[in-house]
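Report on one structure; see the data block that follows.
The values are calculated or read from the model by the stated rules, or taken from the named source; none is laboratory data. Treat the numbers as computed from the prediction; the structure is a model and nothing was measured. Virtual Cβ from ideal backbone geometry, glycine too; neighbours counted across all protein chains shown.
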Amino acid sequence: MILEEIKEDYIKELLKQKKRIDGRALDAYREIKITKDFIQNAEGSAIAEVGGTKVLAGVKFDIMTPFADRPDEGVVMFGSEFSPIAHPDFNAGPPDENSIELARVVDRGIRSAESIDVKSLFLEEGKVLGVFVDLYILDHSGNLIDTAGLAAMSALKNTKIPKVEDGKIIRNEFTGKLKLVREVAVTTFEKIDGVIIADANSEEEVASEGRMSLSTSSDGFVCSAQKSGKAGFSKQELMDLIDLSSEKSKELLRHI
C-alpha cells in the first residue's frame with residue numbers, strides 16, 4: 001500500500017511537468033499489435049495487444065428467436081471474462097461489475113454505430129442468426145477497454161457467416177463474410193490530478209480519479225460515451241476529447 005502511494009505521488013508529480021512514467025506523450029498510445037484468426041474453430045477471432053495488455057475476442061453464431069419488436073433483425077450479444085492469470089486482482093467466478101462494464105462499453109459502441117448489418121442475419125419468420133462476441137482478458141497492463149474494442153472489431157472484420165440448412169448451422173461451411181457497415185474504435189482517457197492522458201498503463205490507472213471512454217466510428221462520429229470515477233470533465237475538456245478521439249480512432253483502426 002505504501003509503495004502504491006509513493007508511485008501514485010510520483011506519477012502525479014511527473015504529470016505536472018507534462019511527463020509520463022514510461023516516457024510517452026500525454027496523448028500517445030503504446031505499441032499496438034493485432035493477430036487475426038487465432039482460434040481455428042471460431043467463426044471469427046483476434047488478439048489485440050496494446051503495450052502489455054492482451055485481449056482475445058472470439059465470434060460464434062447460433063440460431064435464435066428474434067426480439068419481438070425487431071422480428072427481422074439478428075441478435076448481437078457481448079460478454080467478457082477476466083482470467084485470474086491476467087492480473088493478481090482478478091478472481092475466478094461469475095462476472096463482476098468491471099467485467100460487465102467492459103462488455104457493455106464495447107457492445108454499446110458497435111451497436112450505436114450500427115456497425116453490423118443485423119437485417120442481413122434474418123433467416124425466416126421466427127428465426128435469425130445470433131452473433132456472440134466473447135472477450136477474454138489474457139494480460140492486464142492497463143486500458144482494457146480500448147484493447148477489447150480493437151479485439152472485437154478485428155474479430156468481427158474477419159468473421160465468416162456459417163451455412164444454414166434445414167434450420168441448422170453447418171459448422172466449418174460458410175456463405176461469406178459478415179457484413180460490416182462501418183468500423184468503430186474506443187478511445188479511453190484518464191484524468192489524474194487535473195491532467196488528462198490517453199491509453200493509461202496499469203500504474204497510471206491506480207492514480208486515476210476519472211475515466212472517459214468515447215467510441216468513434218470510421219466515418220468520424222462519436223457514437224457512445226462512458227464516464228466513470230469521481231472526477232468530472234468540463235464541457236471544454238469533453239469537446240477537446242471528442243476531437244482527440246476522432247484523431248486517435250483513425251490511428252487505432254489502421255491496425256485492423
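Data for the structure
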{"read-out": "Residues satisfying the stated conditions in region 208-230, i.e. in contact with a helix residue (DSSP H, G or I) (Cβ under 9 Å, 6 or more places away or on another chain), more than 18 Å from Ile110 (Cβ to Cβ) and among the hydroxyl-bearing types (Ser, Thr, Tyr)", "value": "Ser228"}
{"read-out": "Positions within region 202-239 being touching a strand residue (DSSP E or B) at 6+ places or on another chain (Cβ under 9 Å), touching a residue at least 24 places away in the same chain (Cβ under 8 Å) and among the charged types (D, E, K, R), in sequence order", "value": "Glu204, Glu205, Glu237"}
{"read-out": "Selection count where residues are within 26 Å of the chain's Cα centre (by Cα) and crowded, with 16+ Cβ neighbours inside 10 Å, scope region 140-181", "value": "25"}
{"read-out": "Scope region 3-32; condition free of Cβ contacts under 8 Å to residues at least 12 places away in the same chain and among the acidic types (Asp, Glu); matching residues", "value": "Glu5, Asp9, Glu13"}
{"read-out": "Wholly enclosed strands (runs of 3 or more DSSP E) of region 82-194 bearing at least 1 residues of a type outside the set (Val, Ile, Thr) and touching a helix residue (DSSP H, G or I) at 6+ places or on another chain (Cβ under 7 Å)", "value": "127-139, 184-192"}
{"read-out": "Top-ranked residue in region 33-47 [being touching a Phe, Trp or Tyr at 6+ places or on another chain (Cβ under 6 Å) and in a strand (DSSP E or B); ranked as nearest to Ala200 (Cα to Cα)]", "value": "Ile47"}
{"read-out": "Selection from region 59-89 of residues that are under 30 Å from Asp139 (Cβ atoms), β-branched (Val, Ile, Thr) and in contact (Cβ under 8 Å) with a residue 60 or more places away in the chain", "value": "Val59"}
{"read-out": "Selected residue (only one of Ala92, Ala46 is touching a residue at least 24 places away in the same chain (Cβ under 8 Å) and among the aliphatic types (A, V, I, L, M))", "value": "Ala46"}
{"read-out": "Residues of region 93-119 classified as surrounded by fewer than 17 Cβ atoms within 10 Å (Cβ to Cβ) and either of a type in the set (Lys, Arg) or within 16 Å of the chain's Cα centre (by Cα) (or both), total", "value": "7"}
{"read-out": "Inter-residue pairs, beta-carbon under 6 Å, first without any contact (Cβ under 8 Å) to a residue 24 or more places away in the chain and in region 149-161, second polar (S, T, N, Q), 6+ apart", "value": "none"}
{"read-out": "Candidate set: region 93-107, residues that are among the charged types (D, E, K, R) and modelled with pLDDT of 95 or more; chosen: the one nearest to Asp117 (Cα to Cα)", "value": "Asp107"}
{"read-out": "Answer residue from region 48-79, given it is assigned to a loop (DSSP other than H, G, I, E, B) and in contact with a Pro (Cβ under 9 Å, 6 or more places away or on another chain) and is surrounded by the fewest Cβ atoms within 10 Å (Cβ to Cβ) among those", "value": "Asp72"}
{"read-out": "Residue satisfying condition, being within 22 Å of Thr187 (Cβ to Cβ), at pLDDT below 95, buried (at least 16 other Cβ atoms within 10 Å of the Cβ) and not acidic (Asp, Glu), within set Phe90, Phe82", "value": "Phe82"}
{"read-out": "Failed condition for Ile256, given (1) aliphatic (A, V, I, L, M); (2) modelled with pLDDT under 95; (3) surrounded by fewer than 18 Cβ atoms within 10 Å (Cβ to Cβ)", "value": "(3)"}
